[in-house]
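A short write-up of the structure that comes next.
Since every read-out is calculated from the coordinates, none of them should be taken as a lab result. Values in this document were obtained by computation on a predicted structure and should not be read as measured data. In this analysis, Cβ positions are derived from the backbone assuming ideal geometry, glycine residues included, and neighbour counts consider all displayed protein chains.
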Amino acid sequence: MSKNKISEEFILDEIKTASEDIGNDQIEEIISDEDIIAEKSRRLDTGKFKKFINKVRLSFSLIKDYKSRVYTDIPWRTIAMTAVSLLYFVNPFDMMPDLLPVLGFADDAILFASLFKSIQADLEKYCQWKGLNPEEYF
């Protein structure tokens, strides 16, 4: 098993564990952090990270649509894991400080890559429900 595979499994386990404590307060916090998420996404190289940025935006849209009950055809586990990742994206020090050493954007990218692999089918279903082209995201 490669080192990256172990890291991805470790990260996914940490996301799953942290997601057990997600509730409405954290969902509200994510929604209130919309400007921070948008600004952090804008700072990334859109050529190099285009699909990553699109997935972050799609994930945020999913959280908003779920909270407003516009889209609820999704497992709570997917919502909770997405919420943990978005909270980490906004402030890596509050969510899982021991998950990874502070590596700037690299730790966010690894965390989201692991998450997106595990919930891709749910995100693709949501993407299609929104009328979006999944090829822009996956």
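What trypsin sites (Lys or Arg not before Pro) does segment 10-60 have in DSSP loop regions with at most 14 other beta carbons within 10 Å? Each step should come with its number before you reach the end.
Working: sites: K16, K40, R42, R43, K48, K50, K51, K55, R57; in loops: R43, K48.
Those that pass, being in a loop and sparsely packed, are R43, K48.
With K and R counted +1 and D and E -1, the other residues having a Cβ less than 12 Å from that of S61 yield a net charge of +3.
A full extension of the chain between N24 and N91 corresponds to an added length of 22.3 nm, given 0.36 nm per residue minus the alpha carbon distance. Extension gain for the segment F10 to E34, taken as residue separation times 0.36 nm less the Cα-Cα distance, is 5.9 nm to one decimal.
Modelled label positions at T46 and D73, each set 7 Å beyond Cα in the direction of Cβ, lie 3.1 nm from each other.
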